[in-house]
Amino acid sequence: MIQYPLGMLLLTTMATQKVQIAEFTILTERDNIFCDDDDLVIYGRQFMLFFDACPNAFGGLTRLNLENLRFGESDIPNVLNTCKRLNHLRLFHCDSGSWTVLQVEHTQLSELAIVNCSFERVELNSLPKLTRIVFEGWISFEDPLSFGYVPLLDTVSLTNVSLSWHKMIKLSKFLRRTPSVRRLKLGFNSEKIWVQPECLTERLAYVFHQLRFVNLSNMPEGYDLTWTLFILKAAPNLKELYMSVCSYLNLALFYLPNFEVCHYSH
């Protein structure tokens, strides 16, 4: 964690001068692989003490990257409320204790990344300027992420290691409130597919109508393109398809009248 004298000097400078772009990153002494619960609690308390000591300086931040922190129930909402200029937030290996719900509201936030965080559920209640969400490594039995008011959301990246007790996600339901999405990445870091194939429905067509770019990353060996046809059929305006798999695929693209580019690797 950053030392108080240096940190206070830097943040005091930010608070007293006009800075257009100000990024702050918290790095902990231990890597996330070696952090246990006690480490997370200690690092979380250290950060909040630092944060509470200079709220005016944090109010000038535009980018904030946090890792290996265990927050109190109201800590993250307080951080978001204080950092009013924030347009980028990344949480890596953070939580608020066991099986807690993270609710996110912010008027300026445009980029949000939540990676390997142990929240039961993340609720994006009101993010009127959000354009990009990266969500990786969830633990929830149910739908791990919900979208509230996100009218400008353009890019969604979802990656997970699917375990036997994970619920399969139905994209027509999961993305039903994000019809503006143009770029979609689905990452599969295990042998199990965590997205449920669907028949073409009016709701699925509505969700994928604006889709232009799809990236299917690390598809498990043994799955072929027939599994992905439900996406291709529902996305008539798709322009580019990126796929990385472990086995040979016969690429059938006859469902894509406007299709231009396909990138395939294995």
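Assorted remarks:
- Largest to smallest principal axis extent of the C-alpha atoms in the range 132-212, angstrom: 32, 27, 21
- Trypsin sites (Lys or Arg not before Pro) within the range 23-66: DSSP coil, no more than 15 neighbouring Cβ in 10 Å: Arg30
- Measuring between alpha carbons in the structure, the pairs from Lys185/Lys239; Lys167/Lys192; Lys129/Lys170; Lys84/Lys129; Lys167/Lys239 lying more than 20 angstrom apart are Lys129/Lys170; Lys167/Lys239.
- Global geometry of the range 39-188, whether rounded, prolate or oblate, following the gyration tensor of its Cα atoms and the 1.5 cut on a/c: oblate
- Looking at the range 29-130, the GluC sites (Glu not before Pro) that sit in a DSSP loop and have at most 16 other Cβ atoms within 10 Å of their own Cβ are Glu29, Glu73.
- Antiparallel bridges, percent of DSSP beta bridges restricted to the range 131-227 (to nearest 5): 0
- Judged by the gyration tensor of its Cα atoms, with axes a ≥ b ≥ c, the range 169-232 is prolate; a/c meets the 1.5 cut and a/b is the larger of a/b and b/c.
- Shape annotation for the range 125-177: C-alpha extents along the principal axes are 35, 17, 16 Å, from largest to smallest.
Laboratory data are not the source of any read-out in this text; all were calculated from the coordinates shown. Model, not experiment: these values are computed from the prediction. Cβ coordinates were reconstructed from backbone atoms using ideal geometry, including for glycine residues, and neighbour counts include every protein chain displayed.
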